[in-house]
Structures are given as structure tokens and as C-alpha cells.
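These notes concern the structure reproduced below.
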Amino acid sequence: SQTIHQWPATLVQPVGSPLSLECTVEGTSNPNLYWYRQAAGRGLQLLFYSVGIGQISSEVPQNLSASRPQDRQFILSSKKLLLSDSGFYLCAWSVRAGEYEQYFGPGTRLTVT
Amino acid sequence: AQSVAQPEDQVNVAEGNPLTVKCTYSVSGNPYLFWYVQYPNRGLQFLLKYITGDNLVKGSYGFEAEFNKSQTSFHLKKPSALVSDSALYFCAVRVRGSTLGRLYFGRGTQLTVWP
């Protein structure tokens, strides 16, 4: 069966510090991968998605970036965090094509102080 | 542009009563429709989906949803609510034929079931 991992689970970082959040998927190959941010426990904002190694599409201009160095690894980064980067970050995967749903990881709670 | 509307931020229902969480959508083309549930500080869990066929789809934990093409709606229902159903519910739509698999989410509806 497929499993998706995210770490760390929680993170408190000062403004201006770098960020690296990692997401890995097990039990599937060639997945689509997604990064979302959820603010204030409500709506989901799609940040990045990837259809393959090194292929990243950005939905929202911001000081965040994403990379996919391996087929089942997706990394969210920032060189300098802003207060507005605080939120709950969710990684998800889906089968490349078809009617399949997305499966979400457990999330990372980021607080920028 | 694709969009999903969940007109109620909050739904309150007594335990044992039926519940409905509303969702309407707008897409260019035919949709795939999904419902997810989120418990506090957790990721989203998939509940059910409509792909094609029967307009009434059944999912996890006794939930079901009815697809209405003319009203572009996909309301989530459960005949008898449980206190443990209290959570945040998201409706989502995906355009049929999209290889990117992108989901467009509503803003979520907070369901509270009172004992």
C-alpha cells in the first residue's frame, strides 16, 4: 500500500531563517506531487505541483521554492522566511492520470516568529 | 476557471439527526468530484468521489453524496450524525481529462455534531 511521509511535524523558525520541508511517498511510482498551504485552519492554497523529477510548476509567486530530486521526494524550501509563511503545509500525491483522488500527508505546522 | 463553493462556513447538527454539507462547482467540462475530511492538525482524508454512473455515491464512515448535474452540486450527506463526525469538510473538483490531476478545493465547512 502507498504511504506518504512529511517531516518535521512541527517547526518554529525565526523570520529570515531558511526552510526545508520534506515529503516522501512509498509504494507507488511516477506520482504527481503537490504542496499546499493551509492558513488559519481553512482553505487550501496550491503552492507547487510536479509531474516528474525536476519538473516543478508554481501556482503562486512567493519566496518559497520546490524541488523534486527523486521520483518520490518533494522538497519545499525558502532562503528567508517571512511571518506570512506561517501555516500548515500539506504534501499530496496522485496517480498521473485518470479519475484518482489525491492522498495527503500528515502535514507540517510551521510557525515563523 | 474552475471553482468550488461551500456556502456554509459552519453546520451544526444534533447527534442522530441527518446532516448535509453543501457544495456547488463550476468547471469547463465534465468534473470528477471529491469530498475530504480533516481533523484538527491532521492531513486531509479522502471520503468519496463521483466519477460517472449512479448520481448517489457512497463512501467511508457512512457518508454519501449526491451529484446533480443540472444544479452543479455535490452535497455530502449522512443519515445519522455522530459526535465523532465533527471535523472540517472539503469539497473538491477535478477536470476530466486533466493529466495534472489538479484539484480545486472549496474553503471548507466546519461540521459540529452536538451530543
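Results, tabulated for the structure shown:
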read-out	value
Average accessible surface area per residue within chain B, 1.4 Å rolling probe, Å²	47
Average other protein chain Cβ within 10 Å of Cβ, residues B:100-110	6
Contact surface A-B: accessible area buried, both sides summed, square angstrom, 1.4 angstrom probe	2000
Per-residue SASA entry for A:Leu82, accessible area with 1.4 Å probe, Å² rounded to 10	80
Carbon/sulfur fraction of accessible area - the protein assembly as shown, other protein chains in place, 1.4 Å, %	51
Radius ratio Rg over Rh of the range B:3-114, counting only Cα atoms, Kirkwood formula for Rh	0.95
Between the range B:80-115 and the range A:20-64, the alpha-carbon center distance in angstrom	19
Global form of chain A, assessed from the alpha-carbon gyration tensor, a/c cut-off 1.5	prolate
Rough spin-label spacing in nm, given labels placed 7 Å along Cα→Cβ, for A:Ser77 and B:Asn55	5.1
Fully extended contour minus Cα-Cα distance, from A:Gln45 to A:Ser67, at 0.36 nm per residue	6.1 nm
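The values are calculated or read from the model by the stated rules, or taken from the named source; none is laboratory data. It should be emphasised that the depicted structure is a prediction, and the values quoted were computed from it without experimental measurement. No Cβ is skipped: glycine too gets one built from the backbone with ideal geometry, and neighbour counts run over all protein chains shown. In case anyone asks, the SASA skips ligands and DNA or RNA and just uses the protein heavy atoms, side chains included. Shrake-Rupley method; radii C 1.70, N 1.55, O 1.52, S 1.80 Å.
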